[in-house]
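The values are calculated or read from the model by the stated rules, or taken from the named source; none is laboratory data. As the structure is a computational prediction, the values presented were derived from the model and not from experiment. All Cβ positions, glycine included, derive from the backbone under ideal geometry; neighbour counts span all protein chains shown.
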Amino acid sequence: MDQRHEKGSGFTGEHRATRSARMIAAIMRQRPLLKGLAVCGAGYYPKAEGHLRQRPHGADHTILIYCLKGAGWAELGGHRLAMRAGDLLAIPEGMPHAYGASELQPWTIHWVHALGDLANEYLAEAGLTQKTPVMRVGEDLQVSRLFNEIMACLERGFGFVEMLRASQSLAHLLALLVGRRYEQNQEAATGVEKVAQAIVFMSEHLDQTLKVGALAAFCNLSAAHFTVVFKQETGCSPRDYLNLLRIHRACEWLQGTSLPMKEIAARLGYQDPFHFSRRFKEFQGVSPTEYRRLQMARHA
């Protein structure tokens, strides 16, 4: 934990409205519509220089912090995490933690404190756990608007109607985070599918000059996005992967056929057999002729 003096409020331009978790829990027991999810506090801290909270035994509520600008950090379960603009942090009820603003770039944040079993259910569905407590949201106006709605409701008071509206806005916010997770998973799955399509296309057109732009267009992606996704899935660029496919096919033909070197080179899109030979040696460490001789000797 940080040894500096705690500072949990008192920032220029801040907005905050809180009630004790015990008081809100009592209201929840009396109001069925609040039993699953209720807000016991919310705030907005602009450029919160010196902000620091430490709870070695955890809090009696769930905490959400959305970093709008600047930077900060959080420590959960002994692991320290850096936070930047666009990150959203979720701290489950009872989890020992500490968090604070960067000394060089103090963060601007929205925060919400919540009670109820549904808060944990929402966070789990959004993939926000002790091991992965931070979600990359980016600059999202809808997320900011919902934090503001929660804050506006509680600034009017903690009557039943205000609390109900704040809780519904929080539910909307949490549902939005769940949707973000599923969208990201879908995008990842789509990326895998696109890369697989590109690899099949490459394998079927090894004799052609394939440009990244053409492969990207085939996958209905921009060249830049296609290159990033392809490298994420394969570990190398489309051009390098194409060369790997060509060398792999060359090895198959050198082992299983008596095709002359010139024809193998032509079938793989190399107009110059010497260029093919040099490229093959870069990957395999021996020339195509030597590779064929070694394979024949091995299987003799």
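Annotation note: Cβ proximity below 6 Å between a residue of the stretch 63-75 that is of a type in the set (Lys, Arg) and a residue that is surrounded by fewer than 23 Cβ atoms within 10 Å (Cβ to Cβ) (sequence gap 6+ or interchain) occurs for Lys69/Ala85; Lys69/Thr108. Asn120 falls short on exactly one of the conditions (1) within 18 Å of the chain's Cα centre (by Cα); (2) in a helix (DSSP H, G or I), and that condition is (1).
Being within 14 Å of Ala119 (Cα to Cα), in the same structural domain as Met135 (by TED's automatic domain parsing) and at pLDDT below 95 is a description that applies to Pro92.
In the stretch 141-167, the qualifying residues are those that are in contact with a His (Cβ under 8 Å, 6 or more places away or on another chain) and aliphatic (A, V, I, L, M), and the one that is nearest to Leu68 (Cα to Cα) is Leu146.
Annotation note: of Leu206, Leu128, the sole residue that is in contact with a Gly (Cβ under 9 Å, 6 or more places away or on another chain), in a loop (DSSP other than H, G, I, E, B) and surrounded by 15 or more Cβ atoms within 10 Å (Cβ to Cβ) is Leu206.
Rundown of residues vs (1) aromatic (Phe, Trp, Tyr); (2) part of a helix (DSSP H, G or I); (3) farther than 30 Å from Asp240 by Cβ, yes/no style:
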| position | (1), (2), (3) |
| --- | --- |
| Glu103 | no, no, yes |
| Thr132 | no, no, yes |
| Met163 | no, yes, yes |
| Leu173 | no, yes, yes |
| Arg180 | no, yes, yes |
| Ala198 | no, yes, no |
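Checked against (1) modelled with pLDDT of 90 or more; (2) within 24 Å of Ala196 (Cα to Cα); (3) not β-branched (Val, Ile, Thr), Arg278 passes all but condition (2). The set of residues in the stretch 131-148 that are surrounded by fewer than 13 Cβ atoms within 10 Å (Cβ to Cβ) and hydrophobic (A, V, I, L, M, F, W, C) contains only Leu141. Filter the stretch 223-256 down to the residues that are of a type in the set (Ser, Thr, Tyr), surrounded by fewer than 17 Cβ atoms within 10 Å (Cβ to Cβ) and either at pLDDT below 90 or assigned to a helix (DSSP H, G or I) (or both) and list them by number. Within the stretch 223-256, Thr234 is the sole residue that qualifies.
The single condition from (1) surrounded by fewer than 20 Cβ atoms within 10 Å (Cβ to Cβ); (2) in contact (Cβ under 8 Å) with a residue 12 or more places away in the chain that Ile109 fails is (1). The single condition among (1) touching a helix residue (DSSP H, G or I) at 6+ places or on another chain (Cβ under 8 Å); (2) surrounded by fewer than 24 Cβ atoms within 10 Å (Cβ to Cβ); (3) within 17 Å of Val134 (Cβ to Cβ) that Glu93 does not satisfy is (3).
Of all residues in the stretch 160-174, those that are within 14 Å of Trp111 (Cα to Cα) have Cβ atoms under 7 Å from Cβ atoms of residues that are among the hydroxyl-bearing types (Ser, Thr, Tyr) and assigned to a helix (DSSP H, G or I), 6 or more apart or on another chain, in Leu174/Tyr122. Among the residues of the stretch 47-81, not one is of a type in the set (Ser, Thr, Tyr) and either in a loop (DSSP other than H, G, I, E, B) or out of contact with any helix residue (DSSP H, G or I) (no Cβ under 8 Å at 6 or more places or on another chain) (or both).
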